[in-house]
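Here the structure is laid out as structure tokens; the discussion comes afterwards.
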Amino acid sequence: MSQKKIFLVLIAISTVSLLLHHGGHLNLTLEAFWLGCPSSMASSTQGSSGPSAKHTSVAFLKTHKTASSTVQNILFRFAERNNLTVALPITTCDHQFCYPRPFSAHFVHPHTTPPDIITSHLRFSRAELRRLMRHKTIYITILREPGAMFESLFTYFNQYCLSFKRVPNGSLETFLDHPWSYYRPEEKDSMYARNTLTFDLGGDKDRPSSEAAAYAKRFAVEMERVFSLVMIAEYFDESLVLLRRLLSWDLDDVLYVSLNMRTPDSKSSLSSENAAKIRAWNAIDSVLYDYFNASLWRQLRELGLSCLEREVQLLRQSRDQLVRRCFGGHLPPLRSAAQITNKELRPWQPSAKVAIVGYDLPVNITQKGHVPPPDECLKMIMPEVQYTRLLLRSESLRYRKRFPLRSSQQTSRTVGQVRAHKESHEHNQTYAHNITVLKV
């Protein structure tokens with residue numbers, strides 16, 4: 001090897017070592033070069049030799065009890081960093097798009113349109129979302145193993161869902177022994193008690209057992225045509241690797257800390273027998289999960305498992321660096337809502353029977369010698385409800401500055417449309433209920 005080549009190699013090695021020593025992040029192209037991996041899914045499919053522009057139009061279907069709040073927080077922070085508009089619910093819908101009613105563009109606050117990103121809870125309607133979102137929007141969602149998910153749903157919504165509330169002693173085992181003794185398909189919150197993923201995706205959660213298997217397979221294929229990526233909660237970091245590549249984002253764009261978690265004593269261990277009963281009761285969800293779990297791993301194998309392992313390791317190392325930079329070495333301690341002094345960091349509590357924990361900043365964080373965490377660090381640990389309100393305030397302020405006369409007119413018109421939509425929906429529900437009674 002000539003002296004010139006040796007010199008160039010030494011310069012390259014020294015440059016990379018210096019960047020790593022100072023905790024800096026290499027750009028995606030250089031990262032990919034040293035990892036021996038393709039730079040992104042987009043560039044590999046398009047045959048591009050350079051880095052692709054970041055995708056900024058994203059629709060994330062936020063499913064229930066699937067680590068979706070953590071994904072939502074990633075998207076919220078990305079939107080703020082890049083001055084994007086996030087579609088947010090009108091105030092009468094609270095922090096969800098009037099769930100469980102099928103999504104309508106009328107549920108979107110007028111000050112948050114036209115949106116780049118949508119990520120709050122809704123019941124999927126492809127037609128309505130296509131009417132709202134940009135043409136090149138990328139659709140993603142996340143699923144979770146049905147056994148673990150149903151146990152979480154049963155605990156979380158035990159005092160809200162009547163199918164769960166009427167079970168003696170709040171026993172999951174009792175419900176699974178005779179689910180039809182407690183489950184009422186027509187009740188308002190019944191979607192939490194059976195095939196919740198299917199319902200969130202806009203499907204039929206109560207398809208008759210004789211048709212369920214065939215229906216589930218058709219529905220999975222239909223959803224695969226809509227969603228460019230279906231993440232799997234059990235392989236969250238691996239899913240983020242694919243998400244980052246799909247959207248051509250930087251590594252820093254997908255760093256996170258886990259949110260909306262239960263305390264260990266709120267969780268129940270499942271026997272293999274009960275896990276099997278859950279899968280049978282949620283048969284359509286089970287088919288969906290198995291289908292998309294297999295799909296995820298096909299994509300990961302196409303990327304290369306050695307490349308995947310290195311990128312997951314890089315993701316976790318970068319997350320640790322971010323935690324050190326934000327909070328001085330370790331995440332703030334997890335506390336129950338009652339113990340958290342900062343109300344902006346208190347997570348919503350579904351009932352007294354389940355404790356959702358959040359992060360509590362140390363009391364001495366602002367004392368002499370301690371630098372308060374930057375705004376983005378605080379938002380990384382901010383619960384969904386508070387972050388949604390914060391975004392709505394900032395986006396409304398931005399909208400009013402741009403359209404001072406239009407804002408008041410649009411708000412009153414939208415409230416009227418939603419009221420009319422709600423009255424029509426309630427009329428249809430009453431009519432359907434009466435028809436059912438007549439048939440019986």
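The values are calculated or read from the model by the stated rules, or taken from the named source; none is laboratory data. None of these values were measured; they are calculated from a predicted model. Here the Cβ positions follow ideal geometry from the backbone for every residue, glycine too, while neighbour counts run over all protein chains shown. Remember, those area values only see protein heavy atoms, side chains included, never the ligands or the DNA or RNA. Shrake-Rupley method; radii C 1.70, N 1.55, O 1.52, S 1.80 Å.
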inquiry  = Give me the net charge for the shell around Q159: Cβ to Cβ below 11 angstrom, other residues only, Lys and Arg +1, Asp and Glu -1.
reply    = +1
inquiry  = Expected output is a single nm value to one decimal: the length gained when fully extending between S306 and E186, i.e. 0.36 nm times separation in residues minus the C-alpha distance. What is it?
reply    = 38.3 nm
query = T174 to S258: extension gain in nm, 0.36 nm per residue of separation minus the Cα-Cα distance?
reply = 27.1 nm
key: Cβ-Cβ FRET estimate between R131 and F403, R0 fixed at 30 Å, reported to 0.05   = 0.90
query = How much net charge surrounds L122 when only the other residues with a Cβ under 14 Å from the Cβ of L122 are counted, with Lys and Arg +1 and Asp and Glu -1?
reply = +2
task = Determine ³J(HN,Hα), in whole Hz, for all residues of region 277-286 in sequence, where each value follows from phi through the Karplus function 6.51 cos²θ - 1.76 cosθ + 1.60 and θ = phi - 60°; x replaces Gly and Pro.
result = 5, 4, 5, 5, 5, 9, 5, 5, 4, 5
remark   = With a 23 Å threshold on alpha-carbon distance, the violating pairs from K205/K267; K165/K267; K62/K136; K165/K217; K188/K217 are K205/K267; K165/K217; K188/K217
remark   = Per its Cα gyration tensor (rounded if a/c is under 1.5, else prolate when a/b beats b/c, else oblate), region 36-402 is best filed as rounded
message = Quick check on region 146-245: what are the equivalent-ellipsoid semi-axes from the Cα gyration tensor, as sqrt(5λ), descending, whole Å?
response = 28, 18, 11
query = Any idea of the accessible area per residue across region 36-402, 1.4 Å probe, to the nearest Å²?
reply = 44 Å²
key: Two-site label geometry, K165 and E234: point separation in nm, points 7 Å out along Cα→Cβ   = 3.3 nm
request  = Provide the gained length on full extension for the span W348 to D320, in nm with one decimal, where the gain is 0.36 nm per separating residue minus the Cα-Cα distance.
outcome  = 7.4 nm
query = Got a sec to turn the phi values of region 354-361 into Karplus ³J(HN,Hα) couplings, 6.51 cos²θ - 1.76 cosθ + 1.60 with θ = phi - 60°, whole Hz, x for Gly and Pro?
reply = 9, 10, 9, 9, x, 9, 10, 6
key: Extreme residue, positive dipole direction of region 289-335, given options V312, H330, F292 (C-beta unit charges)   = H330
note = So the FRET efficiency between L390 and R298, C-beta based with R0 = 45 Å and rounded to 0.05, is 0.70
query = Given Cα pairs under 8 Å that are at least 6 residues apart, what percent is the relative contact order of region 154-275?
reply = 17 percent
task = Go through K217, K205 and list them by solvent-accessible area, largest first, probe radius 1.4 Å.
result = K217, K205
request  = Using DSSP to define loop residues, name the chymotrypsin sites (Phe, Trp or Tyr not before Pro) in region 217-277 whose beta-carbon has at most 13 other beta-carbon atoms within 10 Å.
outcome  = none
